[in-house]
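See below for the structure under consideration.
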């Protein structure tokens, strides 16, 4: 029973079916009809004109998004626990040509305008220090917390006031939207977000994320950088097909709601042990080593996070029997 | 009737079936059993211990291969028409941190030891000039010519004598092996090749190439660079599955033979018009604009290459009726 | 008797004296009065508002100039013999983050609009190829030829028409201006040049070149890149002092005229042997190995350039006795 | 009366005289006799075979040193207040191709093996995180503290045990050696240091630092990187001359002792106000805004550092009258 990562989940049937449908000869790279329809599909979803590019991984989406806004002698403000800082082996540095990541503070890997402002203010405005050019926040955060539209908008206002770009790592954007029940627009461009790594892989896709630019002109150079990075797939129609299949009939929301609900059920059983509120599909639970071992002995797989804390992640395809069993097992500890 | 690129081909049924079989929850990134079996599968195929990494594109494979052998202040010797120089938007420069590509000469995008040696000798051995650290050749070449094991070995000997690494861009390695009927080992490590971008996508895969290191120690840092480039897919088992499905029962050879045979058939009809011998699955044909238009009017799609020359590419799935029709149409011009 | 490089020359007395005068405590980096006066001094010289930065080497000036106009996924058009391509160990690639150099053709390392246009036209306008973003020409060229204002203006018009930046490597800009007797403005911004590496070191300086931006807004990010490259000297006033000393009383022109006159004298004696017209301070002379040896036996030092051709360079401080002796020795061959 | 930076100091007479002596035509770049003698001079000083390269700035020395030990996908452990992190506009990131700086903790910008070990241990040993490849410490630190040979050796032992390189930013190495009275070898290679940025500029030089490799093989690729960065000066003999002039007769020690003694005098007067022990030539003093203003009203120039703290730096050429006056003024506050 896997609760260690939503990356380990299966691919949802709508995506598998779409791969089959896409399997006839077609124009290469992103010259096919499916790829060409992405801009329109996401413009409809967000209610504004966007440019949308498929890429194979969230790391690529994040790094390309940052490279569109940050020059090599500049910096990105993010949380110390942000995926771009902690888990991408320096991808932002690679794609930007060596920009620096400035680490702001906030509980649960969540930033606010005060923390970001303090981080930016720690830098003198002279050529001896790399100057911030963008902010990157993760929604839902690496600890499963969700920024509300108002919280994002406060950061967006700060970004605008200081002339900084605003990127959202939305590897679990679907879970955030599902949790909030808000319009995708409210959580993104209406709140000042310039670019969004819209994740599909953890949520039932195979190998396709959408990089959304709410300022479409940022996409132009990005198309070259995507090619240069080896991320312009020659049979790109299969990447587009995955994303479109999940947009259709709101599969992305259905899947995210399922994962969130599973997490809520477990959280309810673990209420006294929670490190943070469970707002999306991740649950950080305080367990003694003996308790963790006891759960593992019952077949539950998960990561130790920090001493005394484990991470449980519910996937879109988590069987309800597994969820019930884990909730019960935790309650019985 | 598409003859413009083997990138436009469909995905072969064995690959589609393998994707379905791989679709259950599993360990993320390359921690799954399929990914772990790649080293062994390719070591068996090549008859020597290799390290094998999946990546999503040939461009990524090539660039990672070069970054493993070339530092940013060094250079790669390749042909002016090499894909890495002409069609990857500077991916080698990106992955190596700004190495230079030194362009050697040879007909049909094919190099030999003399041309490579002359290119290397054009550089003074001082710090004012970037010094070559590797050679990259493409087999089959961008003009569809095939290096024989002896031809590769001559270049391999030169590389060894000068302390240069040797990379083979094998986007159509399968077509070359199929054409020669040789052992894969003879065309690679036994001939001095250090790393091989072993292409599967043009030959019936979806989005997975194998990067093979015949000096397995080169793979170590490459694993970090792959992650850093956003090419460590979180559901990597689907990439491994594609490759393994094509290795099994020599599907890769079957597909390549099919494409080669189709090309040979057309070449036979176009004998007097060929720019180069047709050794793999690409045919460069001299056509007047009127002749090209006449073919297009009959429904054949292809690229104009240079004035008076068009490129025809046969895919693994090219219907024989299309092949017969094109051969006939050319013969009738 | 050194005729191998103007880099080997001494430092002119005005510069040495200026170093002495600058030697009192002052504000660090470029916060001192001398550094602050550079913009004004060059704006006066060029008759337009410019931004001027000192750097320690011509390579740094060139690379910073290109980095201001060319992104990492783009390209620079230059001559195959250009210093930036042949003698800077990949500095443009380093500073731009891996841009490509596209090599145009022209006799004597001199380009024209036709050759540049042909080079640019060889690239398809798609994301698979790096697109040119700038042109770099060298005046005087690596073979001692001088672009006239009209010749530069023709290239400037091409650059403007195609949306390309235009950089001039002016390591020997002084020699070019001295040879032409024109206004510096006519050879630079009035002819469409966006940035100029204005050389002082070969012409009597110690370790200071001026990087001139005729579009001053390009200097802004360059100040950060200069710092990041380790070229913002902490005692920068000594760099500024060198340059200002050579601007004062037109020392830069006096020195260049001297070197040019010496070269003209030797060229006159070598008229039948010249590879190119001698327009500045370099002389490329056809000599048999025996003839070259004979000259060396008389104490003349110079470089073999290509088989049968040697390069002679006259410095600003070349003793007239040495010049007369060399002219005579060549005449007597 | 300037106490704001030793970068603002004058150039010592021995260096000025050496520049004059070097001013005759000679071989360019580092082919001259002075440059060639650097290896020997520093090998003598350190009592072991070293490779020594001149560069124009401490930032260049540091960045080149790190690039010799750290690949782009790796990391450097340093203090958050280290010059390489806080004051070089990302030079280490630029020269390494985007390596990450991992920030360890320690009072007074001073690290120890425990803090470094904790920083290294915070990283999982997998491809998702950049792995440290080197440690960089500053001696004397940015807060004027001095590492003893034993303290460095403890860090050197840690570096060796973990397979990390050890770099010392010695912008004020002279002040540290002068303070300790130890052999330069004890503070460097005998304590496990692999490379040292040996500063001369703050200590009376003009624009030349020595980059010392105690593992001389590291210098090989560095020579290319130096050229590529535009730091191979064409009249390099003037850089070598500055350094040699300060090595001769231990001018470097004399100058550093002078600066240290001046700082000690002021520190004595400010004993109750010191933020840190004054071990070299920097003094961090707690002053109220009113007190700082009072000193400034008397003509003393210095930087505010953090709220309530100012930084005073004594230069090698600080007039004793200024030192006495400042000590007195502080005592009278």
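The values are calculated or read from the model by the stated rules, or taken from the named source; none is laboratory data. Small disclaimer: the values here were computed from a predicted structure and weren't measured. Ideal geometry is used to build each Cβ from the backbone, glycine not excepted, and the neighbour counts take in all protein chains shown.
Of all the residues in the stretch D:132-143, those that are within 11 Å of the chain's Cα centre (by Cα) and part of a loop (DSSP other than H, G, I, E, B) number 4. Selection of the stretch A:226-242 for residues being within 8 Å of chain B (Cβ to nearest Cβ) and in contact with a helix residue (DSSP H, G or I) (Cβ under 7 Å, 6 or more places away or on another chain) yields A:228, A:229, A:230, A:231, A:232, A:233, A:234, A:235, A:238.
Exactly one residue out of A:160, A:168 is away from chain B (no Cβ under 14 Å), more than 14 Å from residue A:139 (Cβ to Cβ) and either part of a loop (DSSP other than H, G, I, E, B) or without any contact (Cβ under 8 Å) to a residue 40 or more places away in the chain (or both), and it is A:160. Residue selection: residue B:169 satisfies the criterion of being more than 19 Å from residue B:47 (Cα to Cα), buried (at least 24 other Cβ atoms within 10 Å of the Cβ) and within 20 Å of the chain's Cα centre (by Cα).
Of the residues D:258, D:230, D:236, the single one that is modelled with pLDDT of 95 or more and closer than 15 Å to residue D:64 by Cα is D:230.
Applying the criterion of being surrounded by fewer than 21 Cβ atoms within 10 Å (Cβ to Cβ) and farther than 26 Å from residue D:97 by Cβ to the residues of the stretch B:114-129, the residue that is nearest to the chain's Cα centre (by Cα) is B:115. Taking the listed residues A:272, A:288, A:306, the one that is out of contact with any strand residue (DSSP E or B) (no Cβ under 6 Å at 6 or more places or on another chain), modelled with pLDDT under 95 and surrounded by fewer than 14 Cβ atoms within 10 Å (Cβ to Cβ) is A:306, with no other qualifying.
Given B:257, B:311, which one is in a strand (DSSP E or B) and surrounded by 15 or more Cβ atoms within 10 Å (Cβ to Cβ)?
When all the criteria are applied, what remains is B:311.
When residue B:40 is tested against the conditions (1) touching a helix residue (DSSP H, G or I) at 6+ places or on another chain (Cβ under 9 Å); (2) under 19 Å from residue B:220 (Cβ atoms); (3) more than 8 Å from every other protein chain (Cβ to nearest Cβ), the lone failure is (1). With respect to residue C:111, determine if the residue is crowded, with 21+ Cβ neighbours inside 10 Å and in a helix (DSSP H, G or I). No: the conditions fail for residue C:111. Could you please give the count of residues in the stretch B:216-237 that are without any contact (Cβ under 8 Å) to a residue 24 or more places away in the chain and crowded, with 24+ Cβ neighbours inside 10 Å? Residues in the stretch B:216-237 being without any contact (Cβ under 8 Å) to a residue 24 or more places away in the chain and crowded, with 24+ Cβ neighbours inside 10 Å: 3 in total. Only one of the numbered conditions (1) within 12 Å of another protein chain (Cβ to nearest Cβ); (2) without any contact (Cβ under 8 Å) to a residue 40 or more places away in the chain is not met by residue A:32, and that is (2). Looking at the stretch C:90-110 only, could you name the residues that are touching a strand residue (DSSP E or B) at 6+ places or on another chain (Cβ under 9 Å) and within 11 Å of chain D (Cβ to nearest Cβ)? Passing the criteria: C:90, C:92, C:93. Report yes if some residue within the stretch B:194-215 is in contact (Cβ under 8 Å) with a residue 12 or more places away in the chain, surrounded by 24 or more Cβ atoms within 10 Å (Cβ to Cβ) and out of contact with any helix residue (DSSP H, G or I) (no Cβ under 8 Å at 6 or more places or on another chain); otherwise report no. No, there is no match, as no residue in the stretch B:194-215 is in contact (Cβ under 8 Å) with a residue 12 or more places away in the chain, surrounded by 24 or more Cβ atoms within 10 Å (Cβ to Cβ) and out of contact with any helix residue (DSSP H, G or I) (no Cβ under 8 Å at 6 or more places or on another chain). Applying the set (1) within 13 Å of another protein chain (Cβ to nearest Cβ); (2) in contact with a strand residue (DSSP E or B) (Cβ under 8 Å, 6 or more places away or on another chain); (3) surrounded by 17 or more Cβ atoms within 10 Å (Cβ to Cβ) to residue A:80 leaves exactly one unmet item: (3). Screening residue C:154 with (1) in contact with a strand residue (DSSP E or B) (Cβ under 9 Å, 6 or more places away or on another chain); (2) surrounded by fewer than 24 Cβ atoms within 10 Å (Cβ to Cβ); (3) in a helix (DSSP H, G or I) gives one miss only, at (1). Which of the residues spanning the stretch C:262-301 are over 26 Å from the mean Cα position of the chain (by Cα) and either at positive phi or assigned to a helix (DSSP H, G or I) (or both)? Correct list: C:269, C:272, C:289, C:290, C:291, C:292, C:293, C:294, C:295, C:296, C:297, C:299. Residues in the stretch A:15-44 that are surrounded by 20 or more Cβ atoms within 10 Å (Cβ to Cβ) and outside any loop (DSSP other than H, G, I, E, B): A:15, A:18, A:19, A:34, A:35, A:38, A:42.
Collect the residues in the stretch A:83-107 that are part of a helix (DSSP H, G or I) and crowded, with 18+ Cβ neighbours inside 10 Å, keeping them in residue-number order. Selection gives A:83, A:84, A:85, A:86, A:91, A:92, A:93, A:94, A:95, A:96.
Yes or no: the stretch A:68-77 includes at least one residue that is out of contact with any strand residue (DSSP E or B) (no Cβ under 9 Å at 6 or more places or on another chain), buried (at least 22 other Cβ atoms within 10 Å of the Cβ) and in contact (Cβ under 8 Å) with a residue 60 or more places away in the chain. Within the stretch A:68-77 (the criterion being out of contact with any strand residue (DSSP E or B) (no Cβ under 9 Å at 6 or more places or on another chain), buried (at least 22 other Cβ atoms within 10 Å of the Cβ) and in contact (Cβ under 8 Å) with a residue 60 or more places away in the chain), the answer is no, since none of the residues qualifies. Against the conditions (1) within 14 Å of chain A (Cβ to nearest Cβ); (2) touching a strand residue (DSSP E or B) at 6+ places or on another chain (Cβ under 8 Å); (3) not in a loop (DSSP other than H, G, I, E, B), residue B:212 satisfies every one except (1). Mind listing whichever residues of the stretch D:1-18 are more than 7 Å from every other protein chain (Cβ to nearest Cβ) and within 20 Å of residue C:238 (Cβ to Cβ)? Passing the criteria: D:4, D:6, D:12, D:13, D:14, D:15, D:17, D:18.
Taking the listed residues B:82, B:68, the one that is modelled with pLDDT of 95 or more and within 17 Å of the chain's Cα centre (by Cα) is B:82, with no other qualifying. Check whether at least one residue in the stretch A:63-71 is in contact with a helix residue (DSSP H, G or I) (Cβ under 8 Å, 6 or more places away or on another chain), within 11 Å of another protein chain (Cβ to nearest Cβ) and under 23 Å from residue B:201 (Cα atoms), and report yes or no. No, every residue in the stretch A:63-71 fails to be in contact with a helix residue (DSSP H, G or I) (Cβ under 8 Å, 6 or more places away or on another chain), within 11 Å of another protein chain (Cβ to nearest Cβ) and under 23 Å from residue B:201 (Cα atoms).
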